[in-house]
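Take a look at the structure below.
The values are calculated or read from the model by the stated rules, or taken from the named source; none is laboratory data. Remember, it's a predicted structure, so these values are computed and weren't measured experimentally. Here the Cβ positions follow ideal geometry from the backbone for every residue, glycine too, while neighbour counts run over all protein chains shown. Accessible surface areas use protein heavy atoms only, side chains included; no ligands, DNA or RNA. Shrake-Rupley method; radii C 1.70, N 1.55, O 1.52, S 1.80 Å.
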Amino acid sequence: MPKLAIDGGKPVRDTILPYGHQLIDEDDVSAVAQALRSDWLTTGPRVDEFEEAFAERVQGQHAVAVSSGTAALHAAIFAIAIGPGDEVIVPPITFAASANCVVYQGGTPVFADVEPDTLLIDLNRVQEKITPRTRAILAVDYAGQPCDYDGLATVAKDNGVALIADACHALGADYHGRAVGSLADITTFSLHAVKHITAGEGGVCSTNDERLGERMRIFRNHGIMQDFRQREALGSWFYEMTELGFNYRLTDIQSALALSQLKHLDDWIARRREIAHEYDRAFAAIAGVNPLVTQSGRGHAHHLYVIRVERDGLGVDRRRLFEALRCEGIGVNVHYIPVHLHPFYRSRQGTGPGLCPVAEAAYETILSLPMFPAMTDRDVGDVITAVAKVTSSI
Ligand SMILES: *Cc1c(COP(=O)(O)O)cnc(C)c1O
(Lines give C-alpha, C1' and ligand atoms only; values in the text may rest on other atoms or scores of the structure.)
Protein backbone atom coordinates (compact mmCIF):
# COMPACT_ATOMS: atom_id res chain seq x y z
CA MET A 1 0.00 0.00 0.00
CA PRO A 2 1.47 3.44 -0.91
CA LYS A 3 2.57 5.54 2.05
CA LEU A 4 0.28 8.51 2.73
CA ALA A 5 1.69 12.00 2.12
CA ILE A 6 0.73 12.90 5.70
CA ASP A 7 3.18 10.16 6.82
CA GLY A 8 5.93 11.36 4.48
CA GLY A 9 4.92 9.51 1.28
CA LYS A 10 4.63 11.02 -2.20
CA PRO A 11 1.43 13.10 -2.60
CA VAL A 12 -1.05 12.37 -5.41
CA ARG A 13 -0.65 16.02 -6.53
CA ASP A 14 2.12 18.55 -6.03
CA THR A 15 -0.25 21.53 -6.02
CA ILE A 16 -3.51 21.82 -4.13
CA LEU A 17 -6.75 21.40 -6.10
CA PRO A 18 -9.32 23.74 -4.50
CA TYR A 19 -12.90 22.56 -3.77
CA GLY A 20 -14.30 25.30 -6.00
CA HIS A 21 -12.97 27.86 -8.45
CA GLN A 22 -14.43 30.48 -10.80
CA LEU A 23 -13.99 30.41 -14.57
CA ILE A 24 -13.39 33.79 -16.25
CA ASP A 25 -12.83 34.10 -20.01
CA GLU A 26 -11.93 36.97 -22.35
CA ASP A 27 -15.64 37.65 -23.06
CA ASP A 28 -16.15 38.29 -19.35
CA VAL A 29 -13.15 40.62 -19.29
CA SER A 30 -14.37 42.64 -22.27
CA ALA A 31 -17.93 42.81 -20.90
CA VAL A 32 -16.53 44.37 -17.70
CA ALA A 33 -14.20 46.67 -19.67
CA GLN A 34 -17.17 47.87 -21.73
CA ALA A 35 -19.11 48.66 -18.58
CA LEU A 36 -16.13 50.59 -17.21
CA ARG A 37 -15.95 52.66 -20.40
CA SER A 38 -19.68 53.44 -20.35
CA ASP A 39 -21.56 56.20 -18.53
CA TRP A 40 -22.87 53.83 -15.88
CA LEU A 41 -20.94 52.33 -13.02
CA THR A 42 -23.67 51.84 -10.43
CA THR A 43 -27.32 51.20 -11.42
CA GLY A 44 -27.53 51.34 -15.21
CA PRO A 45 -28.88 49.41 -18.19
CA ARG A 46 -26.82 46.28 -17.51
CA VAL A 47 -28.65 45.65 -14.23
CA ASP A 48 -31.99 45.49 -16.10
CA GLU A 49 -30.48 43.39 -18.85
CA PHE A 50 -29.04 40.91 -16.37
CA GLU A 51 -32.29 40.73 -14.38
CA GLU A 52 -34.30 40.01 -17.53
CA ALA A 53 -31.97 37.25 -18.72
CA PHE A 54 -31.78 35.75 -15.24
CA ALA A 55 -35.56 35.76 -14.73
CA GLU A 56 -36.02 33.98 -18.03
CA ARG A 57 -33.42 31.32 -17.17
CA VAL A 58 -34.94 30.49 -13.77
CA GLN A 59 -38.54 30.74 -15.03
CA GLY A 60 -39.36 33.49 -12.56
CA GLN A 61 -41.41 36.53 -13.56
CA HIS A 62 -39.38 39.04 -11.57
CA ALA A 63 -35.66 38.99 -10.76
CA VAL A 64 -34.16 41.56 -8.39
CA ALA A 65 -30.36 41.83 -8.44
CA VAL A 66 -28.69 42.67 -5.12
CA SER A 67 -25.17 42.93 -3.72
CA SER A 68 -24.86 39.39 -2.26
CA GLY A 69 -26.73 36.16 -1.60
CA THR A 70 -27.03 37.29 2.00
CA ALA A 71 -28.65 40.57 0.87
CA ALA A 72 -31.03 38.47 -1.27
CA LEU A 73 -32.05 36.45 1.80
CA HIS A 74 -32.46 39.64 3.84
CA ALA A 75 -34.62 41.19 1.09
CA ALA A 76 -36.79 38.05 0.97
CA ILE A 77 -37.33 38.08 4.74
CA PHE A 78 -38.17 41.79 4.56
CA ALA A 79 -40.55 41.27 1.63
CA ILE A 80 -42.68 38.76 3.54
CA ALA A 81 -42.70 41.17 6.50
CA ILE A 82 -41.01 39.05 9.15
CA GLY A 83 -40.62 40.92 12.43
CA PRO A 84 -40.17 40.42 16.18
CA GLY A 85 -42.11 37.41 17.47
CA ASP A 86 -42.23 35.72 14.07
CA GLU A 87 -40.69 32.30 13.52
CA VAL A 88 -39.12 31.00 10.31
CA ILE A 89 -38.31 27.30 10.00
CA VAL A 90 -34.78 26.68 8.63
CA PRO A 91 -32.48 23.65 8.27
CA PRO A 92 -29.26 23.46 10.31
CA ILE A 93 -27.06 22.13 7.46
CA THR A 94 -26.51 25.39 5.61
CA PHE A 95 -24.42 28.54 5.61
CA ALA A 96 -25.17 30.71 8.65
CA ALA A 97 -26.71 33.45 6.45
CA SER A 98 -29.82 31.28 5.87
CA ALA A 99 -30.70 31.73 9.55
CA ASN A 100 -29.07 35.13 10.14
CA CYS A 101 -31.42 36.83 7.64
CA VAL A 102 -34.34 36.05 9.96
CA VAL A 103 -32.52 37.62 12.90
CA TYR A 104 -31.73 40.76 10.85
CA GLN A 105 -35.46 41.56 10.88
CA GLY A 106 -35.95 40.62 14.53
CA GLY A 107 -37.47 37.18 13.90
CA THR A 108 -36.47 33.79 15.26
CA PRO A 109 -35.04 30.98 13.11
CA VAL A 110 -36.43 27.62 14.28
CA PHE A 111 -34.19 24.71 13.29
CA ALA A 112 -35.85 21.65 11.74
CA ASP A 113 -33.61 18.62 11.23
CA VAL A 114 -32.59 17.22 7.82
CA GLU A 115 -33.06 13.85 6.10
CA PRO A 116 -30.06 11.54 6.61
CA ASP A 117 -29.62 10.57 2.93
CA THR A 118 -29.87 13.99 1.28
CA LEU A 119 -29.25 16.45 4.16
CA LEU A 120 -32.26 18.41 2.84
CA ILE A 121 -34.84 19.73 5.32
CA ASP A 122 -37.10 16.90 6.53
CA LEU A 123 -40.79 17.58 5.87
CA ASN A 124 -41.87 15.63 8.98
CA ARG A 125 -39.58 17.70 11.18
CA VAL A 126 -40.89 20.89 9.53
CA GLN A 127 -44.46 19.93 10.43
CA GLU A 128 -43.46 19.28 14.05
CA LYS A 129 -41.93 22.75 14.33
CA ILE A 130 -44.96 24.69 13.12
CA THR A 131 -46.51 26.91 15.82
CA PRO A 132 -49.03 29.78 15.72
CA ARG A 133 -45.99 32.10 15.38
CA THR A 134 -44.60 30.38 12.26
CA ARG A 135 -44.62 32.76 9.31
CA ALA A 136 -42.41 31.01 6.77
CA ILE A 137 -40.40 27.94 5.82
CA LEU A 138 -36.94 28.69 4.42
CA ALA A 139 -35.67 25.60 2.57
CA VAL A 140 -32.08 25.21 1.37
CA ASP A 141 -31.21 23.27 -1.79
CA TYR A 142 -28.14 21.84 -0.12
CA ALA A 143 -25.25 20.91 -2.45
CA GLY A 144 -27.45 21.84 -5.43
CA GLN A 145 -30.26 19.31 -5.04
CA PRO A 146 -33.76 20.88 -5.01
CA CYS A 147 -35.81 20.15 -1.89
CA ASP A 148 -39.20 18.40 -2.02
CA TYR A 149 -40.99 21.52 -3.27
CA ASP A 150 -44.37 19.85 -3.82
CA GLY A 151 -44.36 18.66 -0.21
CA LEU A 152 -43.06 21.97 1.14
CA ALA A 153 -45.60 24.00 -0.85
CA THR A 154 -48.43 21.86 0.51
CA VAL A 155 -47.28 22.27 4.12
CA ALA A 156 -46.80 26.02 3.59
CA LYS A 157 -50.26 26.41 2.03
CA ASP A 158 -52.03 24.26 4.64
CA ASN A 159 -50.53 26.38 7.40
CA GLY A 160 -50.83 29.76 5.69
CA VAL A 161 -47.09 30.47 5.76
CA ALA A 162 -44.68 31.65 3.06
CA LEU A 163 -42.13 29.42 1.34
CA ILE A 164 -38.65 30.84 0.71
CA ALA A 165 -36.03 28.85 -1.20
CA ASP A 166 -32.36 29.50 -0.47
CA ALA A 167 -31.06 28.28 -3.83
CA CYS A 168 -27.56 29.72 -3.42
CA HIS A 169 -26.33 26.18 -4.29
CA ALA A 170 -28.91 25.45 -6.94
CA LEU A 171 -28.78 27.91 -9.84
CA GLY A 172 -29.58 25.81 -12.93
CA ALA A 173 -31.28 23.00 -10.98
CA ASP A 174 -34.81 21.78 -11.69
CA TYR A 175 -37.55 19.87 -9.92
CA HIS A 176 -39.71 17.60 -12.10
CA GLY A 177 -38.81 19.79 -15.06
CA ARG A 178 -39.61 23.13 -13.37
CA ALA A 179 -36.66 25.47 -12.81
CA VAL A 180 -35.46 26.32 -9.31
CA GLY A 181 -36.44 29.98 -9.09
CA SER A 182 -40.11 29.37 -9.86
CA LEU A 183 -40.99 26.90 -7.10
CA ALA A 184 -41.26 29.04 -3.95
CA ASP A 185 -42.77 32.45 -3.14
CA ILE A 186 -39.24 33.87 -3.30
CA THR A 187 -36.01 32.13 -4.34
CA THR A 188 -32.58 33.54 -3.52
CA PHE A 189 -29.30 33.02 -5.38
CA SER A 190 -25.67 34.01 -4.75
CA LEU A 191 -23.15 35.31 -7.28
CA HIS A 192 -20.16 34.77 -5.00
CA ALA A 193 -17.00 33.58 -6.77
CA VAL A 194 -17.43 29.97 -5.64
CA LYS A 195 -21.04 29.65 -6.87
CA HIS A 196 -22.28 28.59 -10.35
CA ILE A 197 -21.84 32.02 -11.95
CA THR A 198 -20.19 35.01 -10.36
CA ALA A 199 -20.23 38.79 -10.23
CA GLY A 200 -17.36 38.83 -7.71
CA GLU A 201 -20.01 39.36 -5.05
CA GLY A 202 -23.71 39.53 -5.82
CA GLY A 203 -27.10 37.95 -5.42
CA VAL A 204 -30.54 37.69 -7.01
CA CYS A 205 -34.09 37.19 -5.73
CA SER A 206 -36.70 35.71 -8.04
CA THR A 207 -40.45 35.70 -7.54
CA ASN A 208 -43.67 35.37 -9.49
CA ASP A 209 -45.40 37.84 -7.17
CA GLU A 210 -45.21 41.42 -8.44
CA ARG A 211 -45.84 42.93 -5.00
CA LEU A 212 -43.01 40.94 -3.39
CA GLY A 213 -40.74 41.91 -6.29
CA GLU A 214 -41.55 45.58 -5.75
CA ARG A 215 -40.89 45.33 -2.00
CA MET A 216 -37.45 43.82 -2.68
CA ARG A 217 -36.63 46.57 -5.21
CA ILE A 218 -37.48 49.23 -2.64
CA PHE A 219 -35.53 47.40 0.07
CA ARG A 220 -32.29 47.25 -1.93
CA ASN A 221 -32.39 51.04 -2.39
CA HIS A 222 -32.81 52.41 1.16
CA GLY A 223 -36.58 51.82 1.16
CA ILE A 224 -37.10 54.63 -1.33
CA MET A 225 -40.29 54.48 -3.43
CA GLN A 226 -39.65 54.89 -7.11
CA ASP A 227 -42.90 56.47 -8.21
CA PHE A 228 -41.96 58.42 -11.30
CA ARG A 229 -45.41 60.06 -11.67
CA GLN A 230 -45.10 61.45 -8.17
CA ARG A 231 -41.65 62.76 -9.02
CA GLU A 232 -42.99 64.43 -12.15
CA ALA A 233 -45.88 66.04 -10.30
CA LEU A 234 -43.81 67.31 -7.40
CA GLY A 235 -40.47 68.07 -9.04
CA SER A 236 -37.69 65.70 -10.05
CA TRP A 237 -35.85 66.09 -6.73
CA PHE A 238 -38.75 64.56 -4.82
CA TYR A 239 -38.68 61.08 -3.37
CA GLU A 240 -40.12 59.35 -0.33
CA MET A 241 -38.57 56.74 1.90
CA THR A 242 -41.44 54.48 2.90
CA GLU A 243 -39.58 51.57 4.51
CA LEU A 244 -36.25 51.06 6.25
CA GLY A 245 -34.07 49.62 3.50
CA PHE A 246 -30.37 49.30 2.77
CA ASN A 247 -27.90 49.96 -0.02
CA TYR A 248 -27.91 46.43 -1.45
CA ARG A 249 -27.55 47.43 -5.11
CA LEU A 250 -25.55 45.44 -7.64
CA THR A 251 -23.34 47.64 -9.84
CA ASP A 252 -23.45 47.82 -13.63
CA ILE A 253 -19.87 46.51 -13.66
CA GLN A 254 -20.91 43.45 -11.68
CA SER A 255 -24.05 42.99 -13.79
CA ALA A 256 -21.91 42.99 -16.95
CA LEU A 257 -19.84 40.14 -15.53
CA ALA A 258 -22.88 38.22 -14.29
CA LEU A 259 -24.66 38.56 -17.64
CA SER A 260 -21.59 37.31 -19.49
CA GLN A 261 -21.21 34.39 -17.05
CA LEU A 262 -24.88 33.43 -17.36
CA LYS A 263 -24.25 32.47 -21.00
CA HIS A 264 -22.07 29.59 -19.79
CA LEU A 265 -24.44 28.25 -17.14
CA ASP A 266 -25.88 25.32 -19.11
CA ASP A 267 -22.44 24.09 -20.23
CA TRP A 268 -21.07 24.41 -16.73
CA ILE A 269 -23.96 22.50 -15.16
CA ALA A 270 -23.44 19.77 -17.76
CA ARG A 271 -19.75 19.54 -16.81
CA ARG A 272 -20.59 19.44 -13.08
CA ARG A 273 -23.01 16.57 -13.77
CA GLU A 274 -20.31 14.72 -15.70
CA ILE A 275 -17.87 15.06 -12.80
CA ALA A 276 -20.52 13.93 -10.30
CA HIS A 277 -21.22 10.90 -12.48
CA GLU A 278 -17.50 9.97 -12.51
CA TYR A 279 -17.31 10.33 -8.73
CA ASP A 280 -20.50 8.29 -8.21
CA ARG A 281 -19.14 5.49 -10.36
CA ALA A 282 -15.78 5.40 -8.61
CA PHE A 283 -17.10 5.62 -5.05
CA ALA A 284 -19.66 2.88 -5.62
CA ALA A 285 -16.61 0.58 -5.56
CA ILE A 286 -15.03 2.04 -2.38
CA ALA A 287 -16.45 0.72 0.89
CA GLY A 288 -17.10 3.38 3.51
CA VAL A 289 -17.32 6.28 1.02
CA ASN A 290 -20.99 7.16 0.65
CA PRO A 291 -22.09 10.03 -1.59
CA LEU A 292 -25.34 11.80 -0.71
CA VAL A 293 -28.46 10.42 -2.39
CA THR A 294 -30.18 12.26 -5.26
CA GLN A 295 -33.98 11.73 -5.31
CA SER A 296 -35.77 11.02 -8.56
CA GLY A 297 -37.17 14.00 -10.45
CA ARG A 298 -34.44 16.33 -9.15
CA GLY A 299 -32.17 17.99 -11.69
CA HIS A 300 -29.11 18.44 -9.45
CA ALA A 301 -26.91 21.51 -9.96
CA HIS A 302 -23.93 19.97 -8.08
CA HIS A 303 -22.57 23.06 -6.39
CA LEU A 304 -20.94 20.68 -3.90
CA TYR A 305 -20.04 17.00 -4.08
CA VAL A 306 -20.40 15.69 -0.55
CA ILE A 307 -19.36 12.26 0.70
CA ARG A 308 -19.95 10.70 4.09
CA VAL A 309 -17.00 8.63 5.23
CA GLU A 310 -18.18 5.88 7.55
CA ARG A 311 -17.01 2.51 8.73
CA ASP A 312 -19.39 0.01 10.31
CA GLY A 313 -21.94 2.80 10.39
CA LEU A 314 -19.60 5.05 12.38
CA GLY A 315 -17.62 8.09 11.29
CA VAL A 316 -13.85 7.73 10.89
CA ASP A 317 -11.32 10.19 12.34
CA ARG A 318 -12.45 13.06 10.15
CA ARG A 319 -9.75 15.49 11.27
CA ARG A 320 -7.02 13.09 10.17
CA LEU A 321 -8.91 12.20 6.98
CA PHE A 322 -9.28 15.90 6.16
CA GLU A 323 -5.61 16.61 6.80
CA ALA A 324 -4.47 13.49 4.95
CA LEU A 325 -6.42 14.52 1.83
CA ARG A 326 -5.03 18.06 2.01
CA CYS A 327 -1.52 16.58 2.19
CA GLU A 328 -2.30 14.58 -0.97
CA GLY A 329 -3.10 17.91 -2.70
CA ILE A 330 -6.89 17.64 -2.52
CA GLY A 331 -8.58 20.79 -1.16
CA VAL A 332 -11.44 19.19 0.73
CA ASN A 333 -13.79 21.22 2.89
CA VAL A 334 -16.65 20.68 5.36
CA HIS A 335 -20.11 22.11 4.60
CA TYR A 336 -21.35 22.89 7.20
CA ILE A 337 -20.98 23.20 10.95
CA PRO A 338 -24.68 22.90 11.93
CA VAL A 339 -25.85 26.48 12.39
CA HIS A 340 -27.59 25.81 15.73
CA LEU A 341 -24.21 24.83 17.24
CA HIS A 342 -22.67 28.26 16.65
CA PRO A 343 -22.12 30.23 19.89
CA PHE A 344 -24.33 33.06 18.60
CA TYR A 345 -27.42 30.85 18.41
CA ARG A 346 -26.57 28.93 21.57
CA SER A 347 -26.53 32.14 23.59
CA ARG A 348 -29.31 33.91 21.67
CA GLN A 349 -31.91 31.18 21.78
CA GLY A 350 -30.52 28.30 23.81
CA THR A 351 -29.84 25.90 20.92
CA GLY A 352 -27.18 23.21 21.20
CA PRO A 353 -26.34 19.53 20.74
CA GLY A 354 -29.36 17.23 20.64
CA LEU A 355 -31.64 19.71 18.88
CA CYS A 356 -31.03 18.26 15.38
CA PRO A 357 -29.43 14.82 15.87
CA VAL A 358 -29.40 13.83 12.18
CA ALA A 359 -27.54 17.00 11.20
CA GLU A 360 -25.13 16.65 14.12
CA ALA A 361 -24.29 13.03 13.23
CA ALA A 362 -23.90 13.89 9.53
CA TYR A 363 -21.58 16.76 10.38
CA GLU A 364 -19.09 14.28 11.89
CA THR A 365 -18.78 12.35 8.61
CA ILE A 366 -19.16 14.81 5.71
CA LEU A 367 -16.47 16.05 3.36
CA SER A 368 -16.89 18.22 0.26
CA LEU A 369 -14.62 17.17 -2.61
CA PRO A 370 -13.38 19.49 -5.38
CA MET A 371 -16.23 20.26 -7.82
CA PHE A 372 -16.04 23.02 -10.43
CA PRO A 373 -16.45 23.04 -14.21
CA ALA A 374 -12.82 23.89 -15.00
CA MET A 375 -11.63 20.61 -13.45
CA THR A 376 -9.92 18.38 -15.99
CA ASP A 377 -10.50 14.63 -16.21
CA ARG A 378 -7.06 14.27 -14.71
CA ASP A 379 -8.07 16.43 -11.71
CA VAL A 380 -11.13 14.23 -11.21
CA GLY A 381 -8.92 11.14 -11.40
CA ASP A 382 -6.54 12.60 -8.80
CA VAL A 383 -9.41 13.15 -6.37
CA ILE A 384 -10.63 9.58 -6.81
CA THR A 385 -7.10 8.19 -6.42
CA ALA A 386 -6.48 10.23 -3.28
CA VAL A 387 -9.84 9.30 -1.69
CA ALA A 388 -9.21 5.59 -2.39
CA LYS A 389 -5.64 5.83 -1.07
CA VAL A 390 -6.49 7.71 2.12
CA THR A 391 -9.72 5.92 3.07
CA SER A 392 -8.09 2.49 2.73
CA SER A 393 -5.52 3.35 5.39
CA ILE A 394 -7.39 5.52 7.88
C1 LIG B 1 -23.22 31.34 -0.48
C2 LIG B 1 -24.44 31.13 0.34
C3 LIG B 1 -25.14 32.18 0.94
C4 LIG B 1 -24.63 33.59 0.98
O5 LIG B 1 -24.30 34.12 -0.23
P6 LIG B 1 -23.24 35.35 -0.29
O7 LIG B 1 -23.33 35.78 -1.72
O8 LIG B 1 -21.91 34.81 0.08
O9 LIG B 1 -23.73 36.39 0.65
C10 LIG B 1 -26.33 31.89 1.57
N11 LIG B 1 -26.80 30.64 1.66
C12 LIG B 1 -26.13 29.60 1.13
C13 LIG B 1 -26.72 28.23 1.24
C14 LIG B 1 -24.92 29.81 0.47
O15 LIG B 1 -24.24 28.78 -0.02
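Measuring from the lowest to the highest alpha carbon on each principal axis, how far does region 257-394 reach, largest first, in angstroms?
45, 42, 32
Nearest 5 percent is fine: what portion of the DSSP beta bridges confined to the chain is antiparallel? Could the numbers behind the result be given before it?
On the way: 27 of 43 bridges.
Bridges in the chain are about 65 percent antiparallel.
Using a Förster distance of 30 Å, how high is the FRET efficiency between A284 and F344, based on the Cβ-Cβ distance and rounded to 0.05?
Numbers: r = 40 Å, r/R0 = 1.32.
That gives a FRET efficiency of 0.15.
With each pseudo-label sitting 7 Å past Cα toward Cβ, what's the E364-A153 distance in nm, one decimal?
For E364 paired with A153, the spin-label model returns 3.9 nm.
What ranking do 109-121, 161-173, 289-301, 325-337 get when scored by the average of other Cβ atoms within 10 Å per residue, highest first? Display every interim value, and only then the final one.
Working: 109-121: 23.2, 161-173: 27.1, 289-301: 17.8, 325-337: 20.3.
Ranked from most to least packed, the peptides come out as 161-173, 109-121, 325-337, 289-301.
According to the Kirkwood expression over distinct Cα-Cα pairs, how big is the hydrodynamic radius of region 255-327, in Å?
In region 255-327 this quantity evaluates to 14.7 Å.
Given a Förster distance of 25 Å, report the FRET efficiency between V293 and T376 from their Cβ-Cβ distance, rounded to the nearest 0.05.
Working: r = 27 Å, r/R0 = 1.09.
Plugging the Cβ-Cβ distance into 1/(1 + (r/R0)^6) gives 0.35.
May I ask you to evaluate 6.51 cos²θ - 1.76 cosθ + 1.60, the Karplus curve with θ = phi - 60°, for each residue of region 320-334 and list the ³J(HN,Hα) values in order in whole Hz, giving x for glycine and proline?
Couplings: 5, 4, 4, 5, 5, 5, 4, 5, 6, x, 10, x, 6, 8, 10 Hz.
In nm, to one decimal, how far is the modelled label at Q127 from the one at M225, with both set 7 Å along Cα→Cβ?
Label-label distance for Q127 and M225, simple model: 4.4 nm.
Rounding to the nearest 20 debye, state how big the charge dipole of the chain is about its Cα centre with +1 on each Lys and Arg Cβ and -1 on each Asp and Glu Cβ. All intermediate terms of the calculation are to be shown ahead of the outcome.
Values: 36 positive and 50 negative charges, 169 e Å.
In total the dipole reaches around 820 debye.
So what is the orientation-averaged projected area of region 72-144, using the convex hull of its C-alpha atoms, in nm²? Could you put the intermediate results ahead of the total?
Working: hull surface 18.2 nm².
For the Cα atoms of region 72-144, the hull's average projected area reads 4.6 nm².
Just to confirm my numbers, what's the Cα centroid distance between region 339-356 and region 103-163 in Å?
The distance from the Cα centre of region 339-356 to that of region 103-163 comes to 18 Å.
Tell me, in nm to one decimal, what length is gained between D48 and A193 on full extension, where the rule is 0.36 nm per residue of separation less the Cα-Cα distance? Don't skip to the end; give the middle numbers.
Values: separation 145, 0.36 × 145 = 52.20 nm, distance 2.13 nm.
Computed gain between D48 and A193 is 50.1 nm.
Keeping all protein chains in place and using 1.4 angstrom, which order do W237, W40 fall into by accessible surface area, from largest down? Please list the in-between numbers first.
On the way: W237 185, W40 125 Å².
Output order, biggest surface exposure first: W237, W40.
Give the lysines whose C-alpha is closer than 27 Å to that of K157, dropping any in the same chain fewer than 8 places away, or say none.
Of all the lysines, those that pass the test against K157 - Cα under 27 Å, at least 8 places apart if same chain - are K129.
Quick one: if the Förster radius is 45 Å, what FRET efficiency do A388 and A33 give, using the C-beta to C-beta distance and rounding to 0.05?
With a Förster radius of 45 Å, E is 0.50.
Can you pull the Kirkwood radius for region 21-106, inverse mean 1/r over Cα pairs, to one decimal in Å?
15.7
In whole Hz, what ³J(HN,Hα) sequence does region 286-297 give by Karplus (6.51, -1.76, 1.60; θ = phi - 60°), x for Gly and Pro?
10, 5, x, 10, 10, x, 5, 8, 9, 6, 6, x
Would you please calculate the Kirkwood hydrodynamic radius of the chain over all C-alpha pairs and express it in Å, rounded to one decimal? Please list the in-between numbers first.
Values: mean 1/r = 0.0455 Å⁻¹.
Value: 22.0 Å, from the Cα pair sum.
Post the alpha-carbon centroid distance, region 256-334 to region 42-68, in whole angstrom.
If you average the Cα positions of each part, the centres end up 29 Å apart.
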